[in-house]
Amino acid sequence: MRDYVEIGMGREARRYYSLNDIAIVPSRRTRSSKDVDTTWHIDAYTFNIPFVSHPTDALATPEFVIEMDRQGGLGVINAEGLWGRHADLEGAIQQVVEAARDEFDFINEGNTQGIAKLQELHAAPLDTELLSERIAQVRASGATVAVRVSPQNARELAPVVIKAGAELLFIQGTIISAEHVEAGGEPLNLKEFVGSLDVPVIAGGVGDYTTALHLMRSGVAGVIVGSGQSTNDLALGVSSYMATAIADVAAARRDYLDETEGRYVHVIADGEVYRSGQAVKAFACGADAVMLGMPLCIAQEAPAPNTYWPSVAAHPRFPRGAVDEVFLENFAGGQPTLETVLHGPSASAGGELNFVGALRRTLAKCGYTNLKSFQKVDLAVER
């Protein structure tokens, strides 16, 4: 039963819950973490761990994406980022890092100089040949190639990135619908568009049951819940409280499974995940995979070490993400590798490292051996 509260005369609002509002309740049975299977299967692709990197240049050079694959996860390339705009990709990223460290705006919760530099760099024209070369470099390594395009540019860019080697296409914005209408243009009908492609499509972000069900009916293989670590609430007044949003979209997945007599659409959570415990809660609410953004920027392999911004931070007129500096604390041995962030070992009890280990241990302590069954774990609301 949904929980509604009156916020004024004649105006009600539904009560939503964030991942920090809930807790996982273990049952009487426990298992060994060695018995836990963290494998994630989507379409024809299998990953040893159910973690995906957010499609931002802060986490994406070809080398980082390849390393993400080597660690068992999936790295996502932003086709509209710096990959196809600057031959010196690492140099461009370093310019953002240096601008961000010159000033931090605590009032606006972000770095205005960092965003300004991003906007300047993104003003360069997109060179699809350069973008294709870099995508082909990842493909040649044997890594699974996932590429993100925005709903606005999907029709134009999807054929380019697929031809270059993209195996999974992410159509991702802060908010997405099943039919995107451009001013003065034809609407992008996802059902027709997805049906015309030869690769699986993952689309989002969404925050409610109805939109998720519409996307599922368009034929996507996965739905992204949330909008990453963006400033939607500050900039737009729009927010997805992730515990409720994931549960609602998981309900749409269940109903769509019944409706189609067996077609399963994956739920990928992207938002409110900064520590391993929050990632585990996302799985408990119904996610099949979790997108990691800021937690990965502390890795040695990250092209902008200790600096992070979501893919929407570079919008030329209305950025919805900040350029943040992430401070390392309590890390024995200095800057951790991506392997340490994902697989440990960790000398910190704060949940910054060993995301996979945290997932394995929680499943084991609650008596589950796989992610699908863990979605039925008991939850409590912390008030």
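The values are calculated or read from the model by the stated rules, or taken from the named source; none is laboratory data. Note that the coordinates shown come from a computational prediction; the quantities given were computed from them, not determined experimentally. Quick reminder, even Gly has a Cβ in these numbers, built from the backbone with ideal geometry, and neighbours come from all protein chains shown. Quick note on the areas: whole protein, heavy atoms, side chains included, nothing else; ligands and nucleic acids left out. Shrake-Rupley method; radii C 1.70, N 1.55, O 1.52, S 1.80 Å.
Data table
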item: Accessible area (Å², per residue) of the chain, counting only protein heavy atoms and a probe of 1.4 Å; result: 44
item: Accessible surface of the chain, 1.4 Å probe, proportion on carbon and sulfur as whole %; result: 47
item: Helix-only CD estimate at 222 nm, as mean residue ellipticity for the chain, using -39500 (n - 2.57) per DSSP H run (n ≥ 4); result: -9500 deg cm²/dmol
item: Options LEU197, GLY75, THR39, ranked by Cα towards positive dipole end of the chain, top entry (Cβ charges); result: THR39
item: Added length on full extension, which subtracts the Cα-Cα distance from 0.36 nm per residue, ARG139 to GLU261; result: 40.5 nm
item: The chain: C-alpha gyration tensor shape, a/c 1.5 cut-off, then a/b vs b/c; result: rounded
item: Cα gyration tensor, segment 265-323 - rounded (a/c under 1.5), prolate or oblate; result: oblate
item: Share antiparallel - DSSP beta bridges, the chain, percent rounded to 5; result: 40
item: Which of LEU59, PRO26, LEU296, positive extreme of dipole for segment 19-381 (C-beta unit charges); result: PRO26
item: Debye, to nearest 20: dipole size of segment 27-99, +1 on Lys, Arg Cβ, -1 on Asp, Glu Cβ; result: 680
item: Cα gyration tensor shape of segment 1-105, rounded if a/c is under 1.5, else prolate or oblate by comparing a/b with b/c; result: oblate
item: The chain, dipole about Cα centre (Lys/Arg Cβ +1, Asp/Glu Cβ -1), debye to the nearest 20; result: 1400
item: Peptides 195-201, 354-360 ordered by average Cβ neighbours within 10 Å, highest first; result: 354-360, 195-201
item: Relative packing of 251-258, 25-32, which averages over residues the other C-beta atoms within 10 Å, highest first; result: 251-258, 25-32
